[in-house]
4 protein chains.
Amino acid sequence: MDGKLRAAIVGSTGYGGVELIRLLQSHPNVEITSVISSSSAGALIEEGFPHLTEILENNVLDGVDAAEIAGKADVVFTATPSGVSAKLVPQLLEAGLKVVDLSGDFRLRDGAEYEQWYKHTAPEDIYLQQAVYGERVAGVDFISNPGCYPTATLLGLVPAIEAGWIKPESIIVDAKSGVSGAGRGTSLTVHYAEINENFKAYKINKHQHIPEIEQTLTDIAGEKVTITFTTHLAPMTRGIMATIYAGMNDQYNEQDFVELYRKYYTGRPFVRIRNAGVFPATKEVSGSNYCDIGFATDVRTGRVTIVSVIDNVVKGAAGQAIQNLNLMMGWEETLGLGYTPVYP
Amino acid sequence: MDGKLRAAIVGSTGYGGVELIRLLQSHPNVEITSVISSSSAGALIEEGFPHLTEILENNVLDGVDAAEIAGKADVVFTATPSGVSAKLVPQLLEAGLKVVDLSGDFRLRDGAEYEQWYKHTAPEDIYLQQAVYGERVAGVDFISNPGCYPTATLLGLVPAIEAGWIKPESIIVDAKSGVSGAGRGTSLTVHYAEINENFKAYKINKHQHIPEIEQTLTDIAGEKVTITFTTHLAPMTRGIMATIYAGMNDQYNEQDFVELYRKYYTGRPFVRIRNAGVFPATKEVSGSNYCDIGFATDVRTGRVTIVSVIDNVVKGAAGQAIQNLNLMMGWEETLGLGYTPVYP
Amino acid sequence: MDGKLRAAIVGSTGYGGVELIRLLQSHPNVEITSVISSSSAGALIEEGFPHLTEILENNVLDGVDAAEIAGKADVVFTATPSGVSAKLVPQLLEAGLKVVDLSGDFRLRDGAEYEQWYKHTAPEDIYLQQAVYGERVAGVDFISNPGCYPTATLLGLVPAIEAGWIKPESIIVDAKSGVSGAGRGTSLTVHYAEINENFKAYKINKHQHIPEIEQTLTDIAGEKVTITFTTHLAPMTRGIMATIYAGMNDQYNEQDFVELYRKYYTGRPFVRIRNAGVFPATKEVSGSNYCDIGFATDVRTGRVTIVSVIDNVVKGAAGQAIQNLNLMMGWEETLGLGYTPVYP
Amino acid sequence: MDGKLRAAIVGSTGYGGVELIRLLQSHPNVEITSVISSSSAGALIEEGFPHLTEILENNVLDGVDAAEIAGKADVVFTATPSGVSAKLVPQLLEAGLKVVDLSGDFRLRDGAEYEQWYKHTAPEDIYLQQAVYGERVAGVDFISNPGCYPTATLLGLVPAIEAGWIKPESIIVDAKSGVSGAGRGTSLTVHYAEINENFKAYKINKHQHIPEIEQTLTDIAGEKVTITFTTHLAPMTRGIMATIYAGMNDQYNEQDFVELYRKYYTGRPFVRIRNAGVFPATKEVSGSNYCDIGFATDVRTGRVTIVSVIDNVVKGAAGQAIQNLNLMMGWEETLGLGYTPVYP
C-alpha cells in the first residue's frame, strides 16, 4: 500500500469493466486491487481478454463477496447488468465501501418507474434516495453513474432548457449507438454478419434510458417533460450520437447557441463546443472522455438541431465513473482521464 | 438486334452506372448497347471495375456524344453529377432518345429553387416542365428519377399525409446513408479511415434533396410543407434509413398505420410494410428494389415514428430508374427487378 | 406444378440455406417446395429473416422428416452442420431423393480421416463412396458439395499441379474468410465488437478442410500431398481469399500462368483469370458464383504467389451447389446463376 | 520552458503525425513546441483534425523551415512521405537538431537499393551511414525508425533466425494491414466503398519494405536472405498481422518457440509472447505499443507458422519513434508509452 485509493471492479469481464481497467492504469491516485467476475472467478483475466496480458499485477478474477471486497478495497465500481446491482450495492454500502454504480439500478428516484421500464424489482427506496445521480459534489459515498444515452442527450439539452430557449414538449431525440453498448453477451443481435453493413432501429420510445432523461429534464424545466426517443444500432463498435430536435422560443442562431453553451460549460473540461455550422462526429471523441456538441438552427422551421457525441464506453460509462469518483473524493476532475481521442 | 430496347448509360463509371449495368443483365426486354464515360472513353470498363470482367459483350467505354448515342440506343440513362445532365439531356431529347435522368437536375419544377439549392445554372424551363418526376404513367419520353433520400422519405410519408393523419408542419426527418451515396469521387470525406467506426452529421437543413421532398409533400398536402431534415453518413457502403417523426391528428396506433399503408401500397410490389412493432433494417433490402416500412406510435407524445429503408443504389437510383423505364414503356413494373435482398 | 424440379432445403435458417433461397428465385427449372429447419419448424421464415418477406409462396418452415420431404420434393439441399447430414442423407437417399449435401460429411473418402478432423462419427462407408465430390458429371443422385476454403484453394492450384509447374511439397495456403463462414450460431467469436477492426488467425494447420484439399491434390499430383494451411477471420461478412505460395519447377512468368489457366478453364464460365500483374479482390466476386484468380511470379525466390477469391456463401456454398445440380441434371451449367457481382 | 525536451513534428497533418501528438500528451519529459505541415501552414490543426480541439496549447501549424524549427525545438520527428525526408533531414541535422525519421528514406544502407525500391533519389551516403536503424543505443542524434511491416515481421523472425531454428531461404511472409497505413492522401484505393467488405492483395513481392526486412535478416543470419513477401489491405483502420512461414531445422514444438522467444524478449516490455497454441489478433494491441506473437508448429510439414501483430500507427510508427527517442536520450524505454490496448 502506497497511499493510493484501492479500487475493486465488479463486472470486470464486461466491456465497461475492462474499460475501467484500461483507464485506471493511468490514474495517479487509484490502484486496482481486485477484478471481480461472478461467472469467471478463479480464471486469469487475460484468458478472456488477451489485450490485458501483462497489464495487471494481480490478474486472477475474484468472485463476488462483499466482505472479501471490503478487505481489499476502499471503493467499488459495479459494472453489472441491471438487476444485479440492486441487490449487491446495499451489501457493499453496509460493508463500508464507497460505490460508483454503472448498472442503472439507482438512477430513477421512483422505484415504480424503475420497475415499469427495467422489468426488475426495484432496490429499496432508502438506497434510491441515497444514490447521488452524477452530481458534481464531493464527500458522498454512493454515486449512480448516468447512462450512455442520457449523458449524450442531457449534455446536449440542459443548457438550452435551463436558458428557456427551447420548448420542452417539442423535444425529439434520434440516438445512434455502436454495438459495444449492447454488452459482451452473445446473441443474434450482435452477430457480426447481422450488424455489418446494416443500420437498425430498436426499442423506439421504449428504451429504459427514457425516464432517466425525463427525470433530469423535468427537474431543470420545472415542469413534466416527455420526449420522443429513438435508439438505433450503427455498424460500429464505439460511439453514440444524439441528434436532438426542438422548437425554439425565439429566433436564436447558431452563434447564439455556441456562446450559450461555451459559457455554460466554462470550467467543464470534458465538453467541447464546435464552432457555428460545424458538427462533431463520433470518432472525434473515441477512446476519450469528451462530449462534443454542435448546432444547426433553421429559420424556416424555427427549430434547432443539436448534435452531441460521446464514446459510450468512456464518457458513457467507465470514464464518467472515474470522473465522478474524482469529484466524490474532492480530487481534480481530470485525474487519470487525460486521454486524447484515438484518431483515426 | 433481337427486338430488345437498346439502352445507353451515361456515367457508367459511377456507382449508379455500374449498378444499372448489374441490374440490366437480367432484364428480358433491354440490352445495353453503349456504356459511356466522359472521363474514361476508350478504356475497358473492367479496368476500373474488375467485377464486370466478362460481363458485357461490348465493354469499351464510349465518349459522350448525343448523335452517336442516338445511333446506338433507344433510351439513355443519365447517371451523371448534377449540373451535367442539365446540359446533356436537352441534346439527347432532341436527338429523339427517351431519357431517364438520375442526376437531380430536373426534379424541381422551379428553376430558381434549383439554383438556390444545387448551386448550378438551372435547365431551361421547358425541360423542367417536360420532365415527369417518377410518376407512374406510360408513354412519356423523359423521366426525372427521384433522389435517394426523397424516395425513402416520401414512401414513408405520403400515405399518412394523404390520409390527413399527421401534421405536415411537424415533420422531422432524421436520415442516415451509406457512403456509396457520396459517389466514387475521391475526397477526405470518403476516406476509409475517416468513415470507419465513425458516425457523422452533414448538411443539416441544407441538403439539396429537401426542396424535392417538400415539393411533393406540398402537392399532396395541398398546403406549403416545410420540413426539418438531417443527413448523416453511416459507416457502411449501401443503405438509407429515414427515421421520420410527426405529430398525429388523432390517437392512431401502430396497427392502424400498418393497415393504412398496406392498403395504400396494394399492387405496389416493391413496398413491404412490417407488422406492428417491427422495424426494418437497411440490410433487409440490400441489393434489391424494395422499400420496407415500420411504425411506432406513442400515446405519451401523440407522435408517430416511421422507419423507412431502401438500398440507395437500387431503389434510390438504378433500380427505380429501371422500374420507371418499365412503367414508361407500359411493361410489367417488376421486369428485371426480381432481386431478392442479399443477406447477410 | 409446372414441370419444374421441386427442391427442399434442409437448414433454411442458416446462411447457406437463405442463400439457396435467394439464388433459386431466378432459376428457371427449379421451384422451392419446402424450406426446412429443425429448430424453427412451424414458424414463418421471415420472422427470422425479414429480408425474405413476400418472397416465397410457401414461407412456413417444415420440420425434418425424410418421408414428408419425399412427398414434396425431387431434390434436397442439405445445408446442415457437419454431423447432421451424416445421419440424414442416407434416409433421404433411401426415400428416393436426389441430394446435394453442403455439410462436409461426405467429402472425405476415408471415414477414419473424417473422424480425425471432424470429431464426429463418420457416415457409413457405402455412402462415402457413393457421394460424388463436385465432379462435373451428369446423371448422379448424390453430390457432396466442396467446402468454401477448398473451392478457392483448389481452383487456384489444380491447373499448376496438373501441369507439373509447381512443387507439391512446397505449397503454403494463407486463407482469409469473412465471418459468414462461421454460420449464424451465436458465440463470442462472431460478436461484432470482437470482430470489427480486428484480424484473427485460427485453427492453424487444424482446419477440417485441410484433408479435403489434400485428397484432391493427391489425386491430381499422383503422390501424397501435404500442405501448410492457415485460416484467418477478416472483419467482413462475405468473401474468401486464398493466397497460395509454391516453389516453381522452372522459370515461369506471370503471363505463362495466365495462359495456362485461361486454357485450362476454357468453357468454365465461372472462373475468370486476371491479366498478368493484376490481383483479384474479394468484393469483385461478391454475391456471384465467380472465382477470380491472379498471379505473381518472383525470379528472386523461384516462387509463384496465386491469389484466388470467391464469395464463400455463393461459389463456396449455395451457388456451387446449384451449379452442381445443373450438371447433375444435364442442364446448362449457368442456369439460375447469372448474377453479376454486387459492387460496391 | 520547464526543462522538458522540446519536440517538433513535421507532417503533423498525417496519421503518423497526429498519433505522435496523441501519444506525446502523456510523455513526462517531452513537450510539443511546434506542429508543422507544409500544406496547411497557418491553419489551426483542429480544422483538419477536430479530435485535437483544445488539446494543444499552440495549435497553429507552422511551415517547414529548418532554422525556425531549430529555434523552437531540440528534437524533430519527421513523419513525412518518402522522398521528402531525404532532403529535409540533412538540413535539420546541420541545424543541430536531433532527428527521429519515420519516412523510410534512411532505412537502407545502400542508396542504390533505396532508389530501386523507392523510386526516389537516395539521400547522400553520409547520412545513410549516420542514421541508426532502430538500434537500442543511447547518445545518438539521428534515428531511422523502422517501417510498420518490418517491425511486425522482424520481431516475429529475429529470435528464430538468431537461434538457427529456421531456414532463412524458406521464409514467406503473408502480411495484412489496415488502411491507415496508406496515409491520409485521397485516392480510389482508400475510398470507403472500395475497401469495406473487401480484401485485397497489392504490391506482391514489390513492397519497398522488403529490402529493409532482408537487410536486417541478412545481418543476423550472416548470409544473404531473400524472402517472399505479400501485402494485403484488410477492411479495418488500424493493425498489421504478419503471418510468417518457415521450414524448421529440427522438430521444435510450440512450447519450444514460446520459451525461446520469452527468453529473447526478457526485459523488452513491449513484446508479449502468447502461450502455446494461442494466436494474437490485431485488436489486442490496438492503440498501444505492444507487439504480440504466437506460434503453430506442424510435424506434418516441418514448418512453423509465426503470427505477429502490431498497431501500425503506434508500434509501427509513432509509438516506436517515441520508444526510440527514449532510448536515444537514455531514458526509461516505456516513458509516455504506458497505453493499455483499447478494447473493444
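The values are calculated or read from the model by the stated rules, or taken from the named source; none is laboratory data. Everything numeric in this text was worked out from a predicted model, so none of it was measured. When we count neighbours, we look across all protein chains shown, and the Cβ atoms used for this are built from the backbone with ideal geometry, even at glycine. Heavy atoms of the whole protein, side chains included, go into the accessibility calculation; ligands, DNA and RNA do not. Shrake-Rupley method; radii C 1.70, N 1.55, O 1.52, S 1.80 Å.
About the Cα centre of region C:1-68, how large is the charge dipole given +1 on each Lys and Arg Cβ and -1 on each Asp and Glu Cβ? Please answer in debye to the nearest 20.
Dipole about the Cα centre, nearest 20: 200 debye.
Bin all alpha-carbon pair distances of region D:272-344 at 5 Å intervals from 0 and give each bin's fraction as a whole percent.
Calculated P(r), rounded to whole percents: 4, 17, 21, 19, 16, 11, 7, 5, 2, 0.
Could you compute the FRET efficiency for C:THR121 and B:LYS203, with r as their C-beta to C-beta distance and R0 at 60 Å, rounded to 0.05?
It comes out at approximately 0.45.
What dipole magnitude, in Debye to the nearest 20, does the protein assembly as shown give about its Cα centre under +1 on Lys/Arg Cβ and -1 on Asp/Glu Cβ?
Once rounded to the nearest 20, the dipole reads 0 debye.
Taking H as built 1.01 Å from N, whose amide H comes closer than 5 Å to the amide H of C:SER38, not counting residues under 5 places away?
Those qualifying (amide H under 5 Å, at least 5 residues apart or on another chain) are C:GLY11.
Determine the relative contact order of region D:40-134: mean sequence separation of Cα pairs under 8 Å and six or more apart, normalised by residue count, in whole percent.
In percent, rounded to a whole number, it is 21.
Can you list, shortest first and in nm, the gaps between the label point of D:TYR202 and those of its counterparts in the other copies, using a point 7 Å from Cα in the C-beta direction?
2.1, 2.7, 3.5
Please report which chain D residue places its beta carbon nearest the axis carrying chain D onto chain C, with the distance rounded to a whole angstrom.
D:ASP174, 2
Pairs of alpha-carbon atoms within less than 8 angstrom and 6+ residues apart define the contacts here; what relative contact order does region B:193-344 have, in percent?
About 21 percent, as a whole number.
Once each part is reduced to its C-alpha centroid, what is the distance from region A:7-60 to region D:18-56 in angstrom?
32
Over all residues in D:221-230, what is the mean tally of Cβ atoms on other chains that come within 10 Å of each residue's Cβ?
Mean shielding by partner chains, rounded to a whole number: 3.
Given q = 0.10, 0.12, 0.14 Å⁻¹, what are the Debye log10 I(q)/I(0) values for region B:204-325, with equal point scatterers placed on the Cα positions and solvent ignored?
For region B:204-325, the Cα-only Debye profile gives -0.34, -0.50, -0.69.
Report, to the nearest 10°, how far helix A:15-24 tilts away from the longest principal axis of the Cα atoms in chain A, using its own Cα long axis and a range of 0 to 90°.
Roughly 80 degrees, rounded to the nearest 10.
Once a ≥ b ≥ c are taken as the square roots of the eigenvalues of the Cα gyration tensor of the protein assembly as shown, is the result rounded (a/c under 1.5), prolate (a/b larger than b/c) or oblate (a/b not larger than b/c)?
Rounded shape, in that the Cα axes give a/c under 1.5.
Taking the Cα centre of each part, how many Å lie between region D:64-86 and region A:147-174?
For region D:64-86 versus region A:147-174, the Cα centre distance is 47 Å.
For D:LYS87 and D:SER38, calculate 0.36 nm times their separation in residues minus their Cα-Cα distance, and state this gained length in nm to one decimal.
16.3 nm
Taking region B:277-343, which GluC sites (Glu not before Pro) meet the DSSP loop condition and have no more than 13 other C-beta atoms within 10 Å?
Listed in order of number, the matching sites are B:GLU332.
Quick one: pull the percent of accessible area on the protein assembly as shown belonging to carbon and sulfur, 1.4 Å probe, ligands and nucleic acids left out.
47
I want to verify the translational diffusion coefficient of region A:146-266 in µm²/s; compute it with Stokes-Einstein, Rh as the Kirkwood radius over Cα pairs, at 4 °C and 1.567 mPa s.
D, rounded to a whole number, is 84 µm²/s.
How high is the FRET efficiency between A:THR334 and B:LEU188 when r is their beta carbon distance and R₀ equals 30 Å, given to the nearest 0.05?
The calculated FRET efficiency here is 0.45.
Mind checking region C:192-258 for GluC sites (Glu not before Pro) that DSSP puts in a loop (not H, G, I, E or B) and that have at most 16 other Cβ atoms within 10 Å?
Here the GluC sites (Glu not before Pro) that fit, given the DSSP loop and packing criteria, are C:GLU223.
When chain B is modelled as a GNM with alpha-carbon springs shorter than 10 Å, which of B:PHE257, B:PHE49, B:PHE295 fluctuates the most?
So, out of B:PHE257, B:PHE49, B:PHE295, the one fluctuating most is B:PHE49.
Just check region B:192-251 against the gyration tensor rule for me: Cα atoms, a ≥ b ≥ c as the square roots of the eigenvalues, rounded for a/c under 1.5, and otherwise prolate or oblate depending on whether a/b exceeds b/c.
Because a/c hits 1.5 or more and a/b exceeds b/c, region B:192-251 counts as prolate.
So what is the orientation-averaged projected area of region A:75-189, using the convex hull of its C-alpha atoms, in nm²?
Orientation-averaged projected area of the Cα hull: 9.1 nm².
Summarise the partner chain shielding of A:110-119 as one whole number: the mean count of Cβ atoms from other chains within 10 Å of each residue's Cβ.
0
For chain D, what is the accessible area per residue in Å² when the probe is 1.4 Å?
Value for chain D: 32 Å² per residue.
Just to be sure I understand the model, the point goes 7 Å from the Cα along the line to the Cβ. What's the resulting D:ARG268 to A:GLN129 distance in nm?
Simple spin-label model gives 6.3 nm for this pair.
Taking only the C-alpha atoms, wrap a convex hull around region B:149-220 and report its volume per residue in Å³ as a whole number.
Expressed per residue, the convex hull around the Cα atoms of region B:149-220 is 104 Å³.
Okay, helix-only estimate at 222 nm for chain D: each DSSP H run of n ≥ 4 adds -39500 (n - 2.57), divide by all residues, round to 500 deg cm²/dmol; what do you get?
-8000 deg cm²/dmol
Sticking with the crude label model, points 7 Å out along Cα→Cβ, report the distance from C:ALA163 to D:GLU169 in nm, one decimal please.
That separation, rounded to one decimal, is 2.5 nm.
List the relative contact order of chain A as a percent without decimals, with contacts defined as Cα pairs under 8 Å and 6+ residues apart.
Relative contact order comes out at 17 percent.
If we hang a label 7 Å off Cα along the beta carbon direction at C:GLY3, how far is it from the matching labels on the other copies, in nm, shortest first?
2.0, 9.4, 9.6
On average, how many beta carbons from a partner chain sit within 10 Å of the beta carbon of a residue in A:311-317?
That average works out to 1.
Work out the length of the dipole vector of chain D about its Cα centre, built from +1 on the beta-carbon of each Lys and Arg and -1 on the beta-carbon of each Asp and Glu, and round it to the nearest 20 debye.
It comes to approximately 780 debye.
Compute the label-point distances linking D:THR226 to its equivalents in the other copies; points lie 7 Å from Cα along Cα→Cβ; give nm, one decimal, shortest first.
From this label point to the equivalent ones elsewhere in the assembly: 2.8, 7.4, 7.9 nm.
According to the Kirkwood expression over distinct Cα-Cα pairs, how big is the hydrodynamic radius of chain B, in Å?
One decimal place: 20.5 Å for the Kirkwood radius.
Enumerate the amide H contacts of C:ILE166 below 5 Å, restricted to partners 5 or more residues apart or on another chain; note that Pro and chain-start residues carry no placed amide H.
C:ASN249
What does the convex hull of the Cα atoms come to per residue for region C:1-113, in Å³?
So the per-residue Cα hull volume is 105 Å³.
Across region A:299-304, in residue order, what do the Karplus-derived ³J(HN,Hα) couplings come to in whole Hz, using 6.51 cos²θ - 1.76 cosθ + 1.60 with θ = phi - 60° and x for Gly and Pro?
Along region A:299-304, the couplings run 5, 5, 10, x, 10, 10 Hz.
Amide H of B:TYR133 versus every other amide H placed in the peptide plane: which residues, excluding those fewer than 5 positions away on the same chain, fall under 5 Å?
Distant-sequence amide H within range of B:TYR133: B:SER144.
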